[in-house]
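The next block holds one structure in the form of structure tokens; read it before the comments.
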Amino acid sequence: MAKLMLAFVAAALLVACVSAGEASPINDFCVADLNSTLMINGLACKSPAMVMSEDFLFKGFEVDADTNNPLGIGIIPGFAAVNYPALNTQGLSLAKINYAKGGLVPPHTHPRAAEVITVIKGEVYMGFVDTAGKLFAATLKTGDFFNFPKGLVHFQLNVGSGHAETLSVLNAQNPGIQLMATSLFGSSPFIRDDVLERAFGISHDTQEQIRMALVPGYKA
């Protein structure tokens, strides 16, 4: 009987470790006080007496983001620390992306979150690559969903005839984002040329061209 109980305890601990992510809230809610300078693991809470229904209402996606840039995309966040304080401690963040025709969200990762993305308007080709190098991709139309697993490289490309729009929900308050090209060619200080040359089979001149395209104000 003791061995059986020990097995149950071990299994329970394993499940707890596997499922552990962000800490669960200890109150019904913790609407962030964006005026507070208190630094904690998360954001300081407004006094419950000061919280109103309007704190839980978010209208940030009623407008469209500017897509007049080289990538042809614009992003509006719905983050606790930026413009949606009611998400504080809830383990969620949101993002609306507008795409010009041909707009591209370049390959990137969210190291602390999985992402579910839905197409609100248009036609978007998207996918991710797993750790075995296999591509999982599809072309989504309005109303379709796709899942990017936590930490894996993924991308989105507007392949429709006009503008497109997607909405993302991520299961972390601060999912983080790491753009592959910028991380490798725009780091500070730069990665040594011989590392990138051997990794990608590209010359120093090619690396300089990439940096000029990625790093604002960079001159070879």
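The values are calculated or read from the model by the stated rules, or taken from the named source; none is laboratory data. Quick caveat: nothing in here was measured; it's all calculated off a predicted structure. Positions of Cβ are generated from backbone atoms using ideal geometry, with glycine treated the same way; all protein chains shown enter the neighbour counts.
Select, from Ser188, Ser161, Ser168, the only residue that is among the polar types (S, T, N, Q) and modelled with pLDDT under 95.
Ser188
Would you call Leu196 touching a helix residue (DSSP H, G or I) at 6+ places or on another chain (Cβ under 9 Å) and aliphatic (A, V, I, L, M)?
Taking the combined requirement at face value, the residue satisfies it.
Quick one: Arg198 ticks every box in (1) part of a loop (DSSP other than H, G, I, E, B); (2) loosely packed, with under 14 Cβ neighbours inside 10 Å bar one, so which box is it?
If we test Arg198 against (1) part of a loop (DSSP other than H, G, I, E, B); (2) loosely packed, with under 14 Cβ neighbours inside 10 Å, just (1) comes out false.
If I ask for residues that are assigned to a loop (DSSP other than H, G, I, E, B) and either in contact with an Asp or Glu (Cβ under 7 Å, 6 or more places away or on another chain) or on the phi > 0 side of the Ramachandran plot (or both), which ones from the range 146-165 would you list?
From the range 146-165, those assigned to a loop (DSSP other than H, G, I, E, B) are 149-152, 159-163; that's our starting set.
Residues satisfying the conditions are Gly151, Leu152, Val159, Gly160.
Just to check your reading of the model, which residue among Lys59, Lys3 is closer than 19 Å to Val169 by Cα and either in a helix (DSSP H, G or I) or modelled with pLDDT of 70 or more (or both)?
Working: Lys3 fails: closer than 19 Å to Val169 by Cα.
Residue meeting the stated conditions: Lys59.
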